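Every number here is computed from the coordinates shown, using simple stated rules; none is lab data. In this text the structure is predicted, and so the values were computed from the model without any measurement. Heads up, the Cβs are rebuilt from the backbone with ideal geometry, glycines too, and the neighbour counts pull from every protein chain shown.
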Amino acid sequence: MASLELWLVCHGETPWSREGRAQGQSDPPLSELGVRQAELLGRRLASTPFDEVYASDLARARYTARLALPAAEIKLDARLREMHFGAWEGKVWSSLEEDDRRALERWRQDPYRCRAPGGESYEDVLKRVSAWLTELPPSGRVIAFTHGGAVRCALYRFTGLPQGASWRFQIDTGSVTRLVIGPGGTVVSAVNDTAHLR
């Protein structure tokens, strides 16, 4: 029977990701390295046809998609955005250890339900990413240029991992995660693959 091959790309590096800042739904541009990552990704994808191409509507994901697949028709979808970090957006993660230690500890212990002040929980992100996933075709090859949080949500949704376990996956900028979703279940072909960046 037919299966869906789902490629999930984490956007290229931004100045904020390099500095260890919470990006969330803020919209920093790609850094020079982020542009290079997108170009290298494009070389890898050049010989792979995709039936549908999606991207988060945030600039760092949109530009990664445009640089990697310049001829593609890209469908923008806000449901593919990163988790909204509310009051933490733009702040260096290490500074939150001092500035908002209690809230950060609560969030780390239970990201599924807890949220940054004014932000989203993992459950919120999972709901919107899952809504997007349910609209995908049952077969073909689809690629989405998105964010680490959305990639982790897809891993959780399709692999049967325990709640919150997908947060343990490292998802680097410019990486590719591939899932093959069929009637018999999901095969994880790659997680956080960055071979094309070397």
- Query: Hey, what's the Cα Rg ratio for the range 4-197 versus the globular rule of thumb, 2.2 N^0.38 Å?
  - Reply: 0.99
- Quickly estimate the mean residue ellipticity at 222 nm for the chain, helices only: each DSSP H run with n ≥ 4 gives -39500 (n - 2.57), and the total goes over all residues, rounded to 500. -10500 deg cm²/dmol
- Task: Starting from the Cα of Glu135, move 7 Å in the Cα-to-Cβ direction to define the label point; list residues of the range 75-107 whose amide nitrogen is under 13 Å from there.
- Result: 75-81
- Message: Using a 10 Å cut-off around each Cβ, can you sort Arg60, Arg108, Arg198 from fewest to most neighbouring Cβ atoms?
- Response: Arg198, Arg108, Arg60
- Highest mean first, what order results for 136-149, 85-98 on Cβ atoms within 10 Å? 136-149, 85-98
